[in-house]
Structure formats: structure tokens, C-alpha cells
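Let me begin by presenting the structure, written as C-alpha cells, before commenting on it.
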Amino acid sequence: MIANGFFCRVSRSGESWVLEDEADSGFGTGIRMTINPFTNVTLKDVFDRFSGEDYQFNRTHFPVELAKFGDENLISRSQAKRVVSRFERFDEVFLDFKGVESIGQAFADEIFRVFANQHPDTQIHPINTSPQVKNMISRARKAD
């Protein structure tokens, strides 16, 4: 996807996301999608990953690294609010901290205490956390 100067590439095989500047992208949004016709991934695999027993898409996976711009640190409540925007639409959210070594106390508090208390029906599961990220999440959850 190319959008207003940024390029985001997603690879299903490596579960990787890359966000980088794309100076020649111009304005607007463009999406290019390539699907491997020889994949072993089935429709059932997709439904199992993102839906419950009722086959409603009620789970999502969010790579937190996408919330960063350049070398920016994830420390503020406003950054956290952008991350959790629309999470209330899901029963389960998997927050993937791969590539994120640290987060600030306000960032963690906004997601794991404030948002969690305001939306008790949405379970937030942090995954791929560094020891520092895990510690900040633990502190935020204990703050109640």
C-alpha cells in the first residue's frame, strides 16, 4: 500500500510489516495485492485465526511497530489512543510488540488500564513483548 508518502509492505509468509518513506508516491492511496495460487492456507485457517465459533470476524492482530514513525518512541497517551482506535469492535485484540523494545508508562496505561476498563468485553493480548514492554504492561494492569 502506498499512501501520501508512506509505503507499507505486508508479507504473509514472514508475518512481517515494513513501513518506509516513498518519496515518489504522490498523493492518495494505492494498493497492490499479489496472492500465491499455490498456498497451503485455507479459508478455514483464516476464519479460525480471526473469528470465533459463530464465524464473525471478532479478532484482530495489530503490529504495534506500525504506530511508530521513524525512530519515534511509543510513550504518549495520544499515540496509544491512535493504536486502540476501533479496537472496541473486536472481542479479542492481539497486540504484537515485535520490533518494539520499550514503551512509556502513559502509553501502557492508556491501553492496558484506561481502554481495558472502558471496554471490558475486549480482551487485549500482548504478544512478542520484550522484558521492558512486559514490565510496563504489568505495571499498568496493576494500577487499578
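If you go through the stretch 47-106 and keep only what is at pLDDT below 90 and of a type in the set (Asp, Glu), you end up with Asp48, Glu53, Asp54, Glu65, Asp71, Glu72. Listed by first and then second residue, the pairs linking a residue in the stretch 83-106 that is closer than 15 Å to Met136 by Cβ to a residue that is among the charged types (D, E, K, R), with Cβ atoms under 6 Å apart and 6 or more places separating them unless they lie on different chains, are Val100/Glu65; Ala106/Arg77. For the stretch 114-133, filtered to residues that are assigned to a strand (DSSP E or B) and open to solvent by 30 Å² or more (accessible area, probe 1.4 Å), the residue that is farthest from Lys81 (Cα to Cα) is Ile127.
Being under 11 Å from the mean Cα position of the chain (by Cα) and in a loop (DSSP other than H, G, I, E, B) is the filter here; which residues of the stretch 69-113 pass it? Within the stretch 69-113, Ser85, Phe97, Lys98 meet the criteria.
The values are calculated or read from the model by the stated rules, or taken from the named source; none is laboratory data. It should be emphasised that the depicted structure is a prediction, and the values quoted were computed from it without experimental measurement. Ideal geometry is used to build each Cβ from the backbone, glycine not excepted, and the neighbour counts take in all protein chains shown. Keep in mind that these areas ignore ligands, DNA and RNA; they rest on the heavy atoms of the full protein, side chains included. Shrake-Rupley method; radii C 1.70, N 1.55, O 1.52, S 1.80 Å.
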